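One structure is given here, and the rest of the page talks about it.
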Amino acid sequence: MFLPGTGGAQVHELNPTQFPPVGLFWTVPLPASGVQVDPTSGNAYLRATKVPIFDWTSLENALFMGNNPPPIPGWVSFHVVWKGTGPASEINSTDPTKGIFAGTFIQATAQMQWSAAAGDFTFESDPLDTSISTFAEVGQETNGLFLTTG
Amino acid sequence: MRTIVSRRKLGFGALGATLVGSGTAMADDRPRKRELPWTFAPVPVQGGTPGLGVGNAYHVFGGPGQEPATTGNFKGSVGIAFLNGNVTRTNVKTGEQEYLPFNGTDMRFMTGTFRGTDGKDHQGTFALV
């Protein structure tokens, strides 16, 4: 989150803070019911409630796990909806900077509604349909050992 | 909710990782670990931009033509979105409210099969937040 206006300073950075060897990058496990996806249409939703996070204030502070200021524990709940717009495209990437993976991906639009709390603050986003996506896709992906073993 | 725009401004590519899971924060003076009662864990994806964060982490930003999954040895469904919108922040002590934008928030899901650090295949569902 940023202060309003062009170039507004970042004032909150909320993420689960998973780093190696502790965890995947800002990735958390969810119940299977948290995701529903139709790979054919590219429609999907992601939903979770009160996922533990920290507010690091800024991205730089989060990336390097700084104490300037110290992270503040909190939670975030979110609901993201994808709507496939097509077309589907095949990707087989061997470029390490883009990831080594293969899959089929459908272009999409997405919207999100969320809430959170950390420290002295609570957060409540505007309704789902007021948000927009600048990039979204849904797909089927294979990587790592499954690229060779199927 | 993290901001892909900010990381791009920083010139960072991405980080990598090995998930243990989420849960309650540890009682540490620099709380940064979360633990799950798992006996296995996923592994990070291959590739990405190295040299970030503690432990020389790496990560794929995501975007057109880039890998959305953060779990390695994975096959399944994925979704990624960069989202913009607005949020009302309330100071619970003072009641003061402020209307703030969230820009380029990167949200992802992965659901399918992954081979864990135990060498076995597992079903799992994950979100990058």
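Just so you know, all these numbers are worked out from the coordinates, no wet-lab data involved. These numbers were taken from a predicted model, which means no experiment stands behind them. Here Cβ is always computed from backbone atoms with ideal geometry, including for glycine, and neighbour counts include all displayed protein chains.
Residues considered: A:17, A:49. Of these, the only one that is of a type outside the set (Phe, Trp, Tyr), out of contact with any Leu (no Cβ under 9 Å at 6 or more places or on another chain), more than 7 Å from chain B (Cβ to nearest Cβ) and in contact (Cβ under 8 Å) with a residue 24 or more places away in the chain is A:49.
Taking the stated definitions as given, is residue A:68 polar (S, T, N, Q), within 7 Å of another protein chain (Cβ to nearest Cβ) and touching a helix residue (DSSP H, G or I) at 6+ places or on another chain (Cβ under 7 Å)? Walk me through it before giving the result.
Details: polar (S, T, N, Q): yes; within 7 Å of another protein chain (Cβ to nearest Cβ): no; touching a helix residue (DSSP H, G or I) at 6+ places or on another chain (Cβ under 7 Å): yes.
Taking the combined requirement at face value, the residue does not satisfy it.
If we scan the stretch A:28-41, do we find a residue that is in a loop (DSSP other than H, G, I, E, B), in contact (Cβ under 8 Å) with a residue 12 or more places away in the chain and at the interface with chain B (Cβ under 9 Å from one of its Cβ atoms)? Checked the stretch A:28-41: at least one residue is in a loop (DSSP other than H, G, I, E, B), in contact (Cβ under 8 Å) with a residue 12 or more places away in the chain and at the interface with chain B (Cβ under 9 Å from one of its Cβ atoms). Please determine whether any residue of the stretch A:114-135 is among the polar types (S, T, N, Q), surrounded by 15 or more Cβ atoms within 10 Å (Cβ to Cβ), more than 8 Å from chain B (Cβ to nearest Cβ) and touching a Ser or Thr at 6+ places or on another chain (Cβ under 7 Å). The answer is yes; a qualifying residue exists.
In the condition set (1) touching a strand residue (DSSP E or B) at 6+ places or on another chain (Cβ under 8 Å); (2) at the interface with chain B (Cβ under 8 Å from one of its Cβ atoms); (3) farther than 30 Å from residue B:123 by Cβ, residue A:25 is compliant with all but (3). Could you go through the stretch A:71-86 and let me know if any residue there is free of Cβ contacts under 8 Å to residues at least 12 places away in the same chain and basic (Lys, Arg). No, the conditions are met nowhere in the stretch A:71-86.
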